[in-house]
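Written out below as structure tokens is the structure these notes cover.
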Amino acid sequence: VEETYIMIKPDGVQRGLVGEIISRFEKKGFKLIGLKMYQCPQELAEEHYKDLSSKSFYQKLIEYITSGPVVCMAWEGVGVVASSRKLIGATDPLQAEPGTIRGDLAVQTGRNVVHGSDSPDNGKREIGLWFKEGEVCQWTPAQAPWLRE
Ligand code: GTP
Ligand code: MG
């Protein structure tokens, strides 16, 4: 089954949006398999965003992500990667549709409250990067038969 790495960025934590954001993934019907609060070290931020290292905003991005604790999550489900990106909305919150997390809760790209992996391969890669072995839990939700026929 597919897995994705979702992270509430420091602005989401500071603004008291942790419960609201987790709730949207929970209500959708995806399975939470990893969750922790974490002060991201510089090196991990750089590794996570290495594909963006040539961008003009890269330095600001690293400062942003390391500016306070984040909430790291691993979510599992059929189609969870693409669906999570839809729940999150466009990178620029002003372009993100109402009803999406960024569309409802943010106003600027540099403060867009949440991260979501952009492919199943990156989902696996990022969960491996942010979680240690034993921090991801396998379990069977009681509601499973009520979510999928
Ligand atoms: P993530 O889910 O966080 O990876 O966002 P994304 O996939 O929608 O966008 P992308 O991977 O292209 O960029 C990663 C993050 O870098 C964005 O979420 C923003 O926080 C930041 N970012 C991207 N473009 C800009 C920009 O033009 N200016 C600034 N300040 N930040 C940017
Ligand atoms: Mg991205």
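Please treat every number below as a calculation from the coordinates, not as lab data. Bear in mind that the values here come from a model prediction, so they are computed numbers and not experimental data. Don't worry about glycine lacking a Cβ; one is built from the backbone with ideal geometry, like all the others, and counts go over all protein chains shown.
Projecting label points 7 angstrom from Cα along Cα→Cβ for residue 143 and residue 95 puts them 3.2 nm apart. Remark: 72, 137 ranked as 137, 72, counting other beta-carbon atoms within 10 Å and listing the fewest first. Each principal axis of the Cα atoms in region 3-138 has its own extent, and those three values, largest first, are 38, 35, 26 angstrom. What separates the Cα centres of region 1-41 and region 45-88 is a distance of 11 Å. In the chain, taking the dipole from charged Cβ atoms about the Cα centre, the farthest positive-side position among 131, 83, 117 is held by 83.
Report relative contact order for the chain in percent, whole number only (criteria: Cα-Cα under 8 Å, sequence separation at least 6).
36
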